[in-house]
Amino acid sequence: MQIGIIGAGSMGTGIAQLSAFNGHDVVIFDNNPKSIQRSRDSLLKILNRMAAKGKISESDVKAIFGRIHFVESHTSFSDCELIIEAIVEDIEIKQSVFAELEMAISKDCILATNTSSLSVSAIASACDRPERVIGIHFFNPPFLMKLVEIIPALQTANTVVNKSFDWISSMGHLPVKAKDTPGFIVNRIARPFYGEALRILDEGIADAATIDWAMTEIGGFRMGPFTLMDYIGNDVNYTVTESVFKAFFYDPRYKPSFTQQRLALAGYLGRKTGRGYYDYREGAKNPKPEENPELGQYIFERILFMLINEAADALYYNIASREDIDTAMKYGVNYPKGLLKWADEIGIQETVEALDDLYDHYLEERYRCSPLLRQLFFENSKFYDS
Ligand SMILES: NC(=O)c1ccc[n+]([C@@H]2O[C@H](COP(=O)([O-])OP(=O)(O)OC[C@H]3O[C@@H](n4cnc5c(N)ncnc54)[C@H](O)[C@@H]3O)[C@@H](O)[C@H]2O)c1
């Protein structure tokens, strides 16, 4: 296929690498010449590194790089079968780029957006042929992260959905289908991993090091929430939390934390600024976790039950199928298990009782048990019963 990419930043460059590696011809455009240069340099560096490690040959480097064409205008996209946009996360700019692109491309060309947080239906609404528009959401870095969320807009034609699935599967990646709602699957269900950890910290139940220790050592998660937030950047994570909260019409479950906001405002952004929840400056000493098994189990279970509740609600509202929800969390954020499978293993009754205990204690909407979990409990059934 000939794949078009608009935006040669980190995501566009990664999608170009993946597509060309899998034999597709790539046409890539960016309106900033510096980005083009950076993208070209970084692609060559990555491919040469792969060759140095023996993963590909020198001639593969030439062939893969030779399939990527940096172009100077939208007119070069006329032969593309699918174009994916990975530019700045701004609805008005994306809409105007899509409307402009439509004038330069073939009538059957698919127009995809890699947006993380905007409505795909809103982007499609700017087009003459909105049925050709779809969300194809890669994770960072696109070459290594296998999960890809496919998000049909309200207007998207079925053939467009099928072709998008085929493209992703043909490259050995894992497509899952998500409804066009804020955060799609992963960025919606993962909210309590940060939000509940922050709540536990804010209440003074435990410090960041102890919460991270509980989630990694007891829970088996690859990274604790505070280490991960410092890695993502507290500015980025806070902005996502705030935008999800607004997008859900201020649902209290997604309420941001003042602690995170203050860190972002103070410029304690995490690794990139040397300070965040932890101190990364040379010679800095960070507190050791309180390795109390009972406290650790409480922290791990509280966060896990909140994650399961979120996954159950996503299934209840038909955001995705149970299999896609579990695949998404395992491959999009490397959770040790799918959350719905995990709930089945722990027991639906235990899960409902734990959530009800939290609700009884706080009397906050945030802790209300998903109607689907309660229904399974009454029916004495499981997520994977049938
Ligand atoms: N970075 C991530 O982890 C991640 C993950 C999934 C999805 N996304 C989404 O992917 C998109 C791109 O993110 P990124 O991290 O690669 O951003 P980035 O800032 O690295 O790159 C964006 C590129 O788009 C270019 N650009 C801006 N406006 C343009 C226009 N009108 N025409 C052509 N090029 C234009 C910029 O020059 C820049 O090179 C965003 O929608 C983002 O939400 C990002």
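Using a Gaussian network model of the chain in which every pair of alpha carbons under 10 angstrom is joined by a spring, one finds that among R191, R40, R302 the greatest mean-square fluctuation is at R40.
Kirkwood analysis of the chain, using all unique Cα-Cα pairs, places the hydrodynamic radius at 22.3 Å. Dividing the radius of gyration of the alpha carbons in the range 185-386 by their Kirkwood radius gives 0.97 for Rg/Rh.
Classified by the C-alpha gyration tensor, the range 2-180 has a prolate form. Its axis ratio a/c, with a ≥ b ≥ c, is 1.5 or above, and a/b is larger than b/c. Seen against the Cα atoms of the chain and their longest principal axis, helix 158-170 is set at about 90 degrees. Exposed loop sites, defined as chymotrypsin sites (Phe, Trp or Tyr not before Pro) outside DSSP H, G, I, E and B with at most 11 other Cβ atoms within 10 Å, are absent from the longest region of the chain, namely 1-248. Remark: the chain carries a charge dipole of roughly 1160 debye about the Cα centre, counting +1 on each Lys and Arg Cβ and -1 on each Asp and Glu Cβ. Summary of the geometry: the range 281-308 and the range 353-378, compared by the centres of their Cα atoms, lie 23 Å apart. Rounded to the nearest 10 degrees, the inclination of helix 234-247 to the longest alpha-carbon principal axis of the chain is 90 degrees.
A straight Cα-to-Cα reach below 15 Å connects K34 with the aspartates and glutamates E72, residues fewer than 8 places away in its own chain not being considered.
Per-residue extension of 0.36 nm, minus the Cα-Cα distance of D357 and E290, leaves a gain of 21.7 nm for this segment. Note on the chain: dipole from Cβ charges, positive end direction compared against L111, S35, A153; the farthest Cα belongs to S35.
Taking a 18 Å limit on the Cα-Cα distance, which of the listed pairs K341/K382; K146/K330; K45/K94; K146/K337 fall beyond it? Too far apart for the 18 Å limit: K45/K94. Only beta bridges with both residues in the chain are counted; by DSSP, about 25 percent of them are antiparallel.
Taking the Cα centre of the range 81-237 as reference, the dipole from Cβ charges on Lys and Arg (+1) and Asp and Glu (-1) amounts to some 560 debye.
Here L47, L144, L372, L339 are placed in order of increasing Cβ neighbour count within 10 Å, fewest first, which gives L144, L372, L47, L339.
For the range 143-256, a Kirkwood hydrodynamic radius built from all Cα pairs, placed in the Stokes-Einstein relation at 37 °C and 0.692 mPa s, yields a translational diffusion coefficient of 203 µm²/s.
In whole Å, what is the distance between the alpha-carbon centres of the range 129-175 and the range 206-272? Centre-to-centre distance over Cα atoms comes out at 28 Å. Is the shape of the range 292-336 rounded, prolate or oblate, going by the alpha carbon gyration tensor and its root eigenvalues a ≥ b ≥ c, with a/c under 1.5 for rounded and a/b larger than b/c for prolate? Oblate, since a/c reaches 1.5 and b/c is not below a/b. Listing K288, K341 from fewest to most neighbouring C-beta atoms within 10 Å gives K288, K341. Going from the residue with the fewest nearby Cβ atoms within 10 Å to the one with the most, V61, V97 rank V61, V97.
Readers should treat all values here as calculations from the given coordinates under stated rules, not as data from a laboratory. Remember, it's a predicted structure, so these values are computed and weren't measured experimentally. Ideal geometry is used to build each Cβ from the backbone, glycine not excepted, and the neighbour counts take in all protein chains shown.
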